[in-house]
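Written out below as structure tokens is the structure these notes cover.
The values are calculated or read from the model by the stated rules, or taken from the named source; none is laboratory data. Just so you know, these numbers come straight off a predicted model, no measurement behind them. Counting neighbours? That spans all protein chains shown, and the Cβs are built from the backbone with ideal geometry, glycine included.
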Amino acid sequence: MCGIFGISNHKEAARLTYLGLYALQHRGEESAGIVVRHGKKIEIHKGMGLVGDVFTERDIKSLRGDLAIGHVRYSTTGSSSTKNIQPYFVRHKKDKIVIAHNGNLTNSFELRNEMEQDGSIFQTTMDSEIIAHLLARSRKSDTEENIANALSQLEGAYSLVLMLGELLIGARDIYGWRPLCLGRLDGAYVLASETCALDLIQAQYIRDIEPGEIVFIDKGNVKSINISPETLSPKARLASCIFEYIYFARPDSNIFGHNVYKTRKSLGRQLARECPADCDIVMPIPDSGNYAALGFSKECGIPFEVGMIRNHYVGRTFIQPSQFIRDFRVKVKLNPIRDVLKGKRVVIVEDSIVRGTTSKIRVKTIRESGAKEVHMRVSCPPLRFPCFYGIDFPTKKELIASRHSIDWVRDFIGADSLEYLSLEGMLKAMPLPKNHFCTACFNGDYPTKLPKKLGKGALEY
Ligand code: AMP
């Protein structure tokens, strides 16, 4: 997963990009980067770590120019190394190309192979480098056709922010997997993965970039074209990632045209209708379960309580205590409130179960804090299939619900009962029609051919 941002025609382009990335930090904590165009010069600052750690005031000041793009990375393909930090920048005789990408291509193996056989040399393991090669090789006469031609060769998921010469370009794959929106701030145009980035810089939301759309922003002008449809698979359909609504996007964002918070609450309401629990209190696992738990409580009338408190100051690293404090890494994040839990029949609402390991520890902690019964309700169906489009789900082997029955998972996590929202219920709670979504992680209905190398291994037990 990743967060992408771009701004054209603003004298504080780098500072606004920094703020935009700050708002998108949840989409990737591994590395961050900003590239700015200043006259004909390109200036870059990148590093491993959080946005707040990678950039100092001095760095931002040194990034002069009125066109900038930025990226926060959560590596799903490509290794976690400084070489793979985005935005990806190459000089080419046609122009300077800068790319920020969110999503995973499913034909990158084939494209790379073909190009390598043709003599191309790759320096990173990122999909973005493939896109740069396609752009550089395209032989069409004008920029728009060149880009459309290059993008029409990609299969899979991509939301892109590009800088090509003085142009800022935004594009979304025809399936509409990952979000990308357009905003306006004074005379500047802004592209961002989520609207929470526009809010922070006080830009006005204009609209989402449509699936299959490419927008060209030339200072104050926006032009839109479609990725050439004749080259696209006739089977292509809309496939926005439903997991963005369930877990990934920020609740204060609107993605695919609708608010994430309200959608999570409506998932919680549907869950309460389908899988009620006879309990004294409803509690979330903070923060991701908060909104579904609120909806669950509203629907069934059982009081909502915050039974665990999150420590907001937990960084990526801390000095490990000696062995006698077991599960320290998990405990330091969330601490139960005994006075709330003692003697209570508790229903925990969780947004999803992936491997089951953190859920197991949470249930145990809540029980040890005096809860009489601990039930778990999950606001999406069992995750049984890996994602090839950008969500960091493990292989089928590691997804607990793909190998085991719900009863087995219940016993593993140590809950008194465990129930999941049904696929139909989840789709019913969505603000868009069901044919708008990719639900492959739940039912294995992959909208594209699977990636050649990855696909097979990931699906094996
Ligand atoms: P576990 O009990 O170990 O399966 O952890 C489940 C929790 O991980 C859920 O509450 C989610 O908030 C969170 N989660 C969901 N998807 C992911 C993901 N792709 N990567 C990391 N954490 C996730």
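Some observations on this one:
- Within region 383-411, the set of residues being surrounded by fewer than 17 Cβ atoms within 10 Å (Cβ to Cβ) and among the aromatic types (Phe, Trp, Tyr) comprises TRP408 only.
A quick yes/no check of all residues on (1) in a strand (DSSP E or B); (2) more than 18 Å from the chain's Cα centre (by Cα); (3) hydrophobic (A, V, I, L, M, F, W, C):
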| site | (1), (2), (3) |
| --- | --- |
| LEU21 | no, no, yes |
| GLY33 | yes, no, no |
| VAL36 | yes, yes, yes |
| LYS46 | yes, yes, no |
| ILE60 | no, yes, yes |
| LYS93 | no, yes, no |
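- Checking ASP199 against (1) surrounded by fewer than 23 Cβ atoms within 10 Å (Cβ to Cβ); (2) touching a residue at least 24 places away in the same chain (Cβ under 8 Å); (3) farther than 26 Å from ALA23 by Cβ, the condition it does not meet: (3)
- Residue in region 433-451 that is in contact with a strand residue (DSSP E or B) (Cβ under 6 Å, 6 or more places away or on another chain), at pLDDT 95 or above and more than 16 Å from the ligand (Cβ to nearest atom) present: yes
- Scanning region 250-262 for residues that are surrounded by 19 or more Cβ atoms within 10 Å (Cβ to Cβ) and touching a Lys or Arg at 6+ places or on another chain (Cβ under 8 Å) returns a single hit, VAL260.
This table checks each residue for (1) crowded, with 20+ Cβ neighbours inside 10 Å; (2) without any contact (Cβ under 8 Å) to a residue 40 or more places away in the chain; (3) away from the ligand (no atom under 13 Å from the Cβ); (4) part of a loop (DSSP other than H, G, I, E, B).
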position: GLU244; (1), (2), (3), (4): yes, no, no, no
position: PRO276; (1), (2), (3), (4): no, yes, yes, yes
position: VAL282; (1), (2), (3), (4): yes, no, yes, no
position: PRO286; (1), (2), (3), (4): no, no, no, yes
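- Subset of region 212-246 (residues that are under 18 Å from the mean Cα position of the chain (by Cα) and at pLDDT below 95): LEU238
- Of the strands (runs of 3 or more DSSP E) that lie entirely inside region 328-429, those containing 1 or more residues that are within 27 Å of ASN104 (Cα to Cα) and within 10 Å of the ligand (Cβ to nearest atom) span 345-350, 373-378.
- The numbered conditions (1) modelled with pLDDT of 95 or more; (2) surrounded by 15 or more Cβ atoms within 10 Å (Cβ to Cβ); (3) in a helix (DSSP H, G or I) are all true for ALA458 except (1).
- Summed over region 344-358, residues that are touching a helix residue (DSSP H, G or I) at 6+ places or on another chain (Cβ under 9 Å) and at pLDDT 95 or above total 8.
- Test: residue in region 139-150 that is charged (D, E, K, R), surrounded by 15 or more Cβ atoms within 10 Å (Cβ to Cβ) and part of a loop (DSSP other than H, G, I, E, B): no
- Residue match in region 127-134 (condition: among the small types (Gly, Ala, Ser) and either more than 22 Å from GLU43 (Cα to Cα) or not assigned by TED's automatic domain parsing to the domain that holds ALA14 (or both)): no
- Among (1) crowded, with 21+ Cβ neighbours inside 10 Å; (2) in a helix (DSSP H, G or I) - the single one ALA171 does not satisfy: (2)
- Residue within region 377-394 that is in the same structural domain as ILE285 (by TED's automatic domain parsing), touching a strand residue (DSSP E or B) at 6+ places or on another chain (Cβ under 7 Å) and farther than 30 Å from ALA157 by Cα present: yes
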